[in-house]
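*Asks:* To start, I am sharing the structure in question, which I have written as C-alpha cells.
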Amino acid sequence: MRQKIKSNLLNTKLFFIVSLLVLLLPGHSNIFAQCGLALKDVVLKEIGKATYLKDFRVRLEEGKNNSKPPSEEFTILLNKGTHYRFNIKADSTCEDQVILKLYDFNKFYGSNFDQADGTSYEFFDFFCAKTQVYYLAISFAEARPGCAAAIVSFVENYNAN
C-alpha cells in the first residue's frame with residue numbers, strides 16, 4: 001500500500017514538473033499576452049452606452065501571403081431596423097492592424113479598416129436594413145500572428161422603411 005502511494009505521489013510530481021516546463025518553453029510566450037477573456041474585457045469597456053450582444057475571439061497564426069492573410073469567419077443574425085456597433089481590438093503584443101469585415105453571401109457592408117489609406121479604426125457602425133444572417137471575418141492586415149477580440153453591440157432601433 002505504501003509503495004502504491006509513493007508511486008502515485010512521484011507520478012503527480014513528475015506531471016507537475018513536465019507541465020511547468022512545457023508552459024515555460026519559448027513557443028508559449030504568448031500565453032501570458034493579453035488575450036481571450038482579458039482582451040474581451042478591454043474591448044467591453046470601449047462600447048460606451050451601447051448594449052453588449054456577442055463577442056468573437058480569435059488567435060491567428062502567421063500567414064504565408066499578405067494578399068490573403070489567415071482569417072476566421074463567424075455568422076451572426078442581425079435584425080432590420082437596428083443600429084449595431086462592431087468594436088475590435090488586437091492584443092497589446094500584436095504588431096499588425098486587425099481587420100473586421102461584415103458581409104453576406106454577395107455584398108460587403110462595412111469594416112473597421114480603410115483600404116484606401118490603410119487606416120484602421122476601433123469600431124464601425126452598421127444600420128441593418130434587412131433581417132438575415134451576416135458574416136464577420138477577422139484577420140490581420142500584414143498576415144502577422146496575434147489574437148483579437150470583437151464585440152457586437154446594440155446602439156438603438158431606427159425606422160428602416
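The values are calculated or read from the model by the stated rules, or taken from the named source; none is laboratory data. Note that the coordinates shown come from a computational prediction; the quantities given were computed from them, not determined experimentally. Here Cβ is always computed from backbone atoms with ideal geometry, including for glycine, and neighbour counts include all displayed protein chains.
*Asks:* Return yes when Thr75 is part of a loop (DSSP other than H, G, I, E, B) and closer than 22 Å to Leu39 by Cβ and no when it is not.
*Replies:* no
*Asks:* While we're here: When the residues of region 69-108 are filtered to those that are farther than 13 Å from Leu136 by Cα and of a type in the set (D, E, K, R), which remaining residue is surrounded by the fewest Cβ atoms within 10 Å (Cβ to Cβ)?
*Replies:* Glu95
*Asks:* What residue, of Asp55, Asp41, is in the same structural domain as Ile151 (by TED's automatic domain parsing), at pLDDT 70 or above, under 30 Å from Glu156 (Cβ atoms) and in contact with a helix residue (DSSP H, G or I) (Cβ under 6 Å, 6 or more places away or on another chain)?
*Replies:* Just one listed residue meets the conditions, Asp55.
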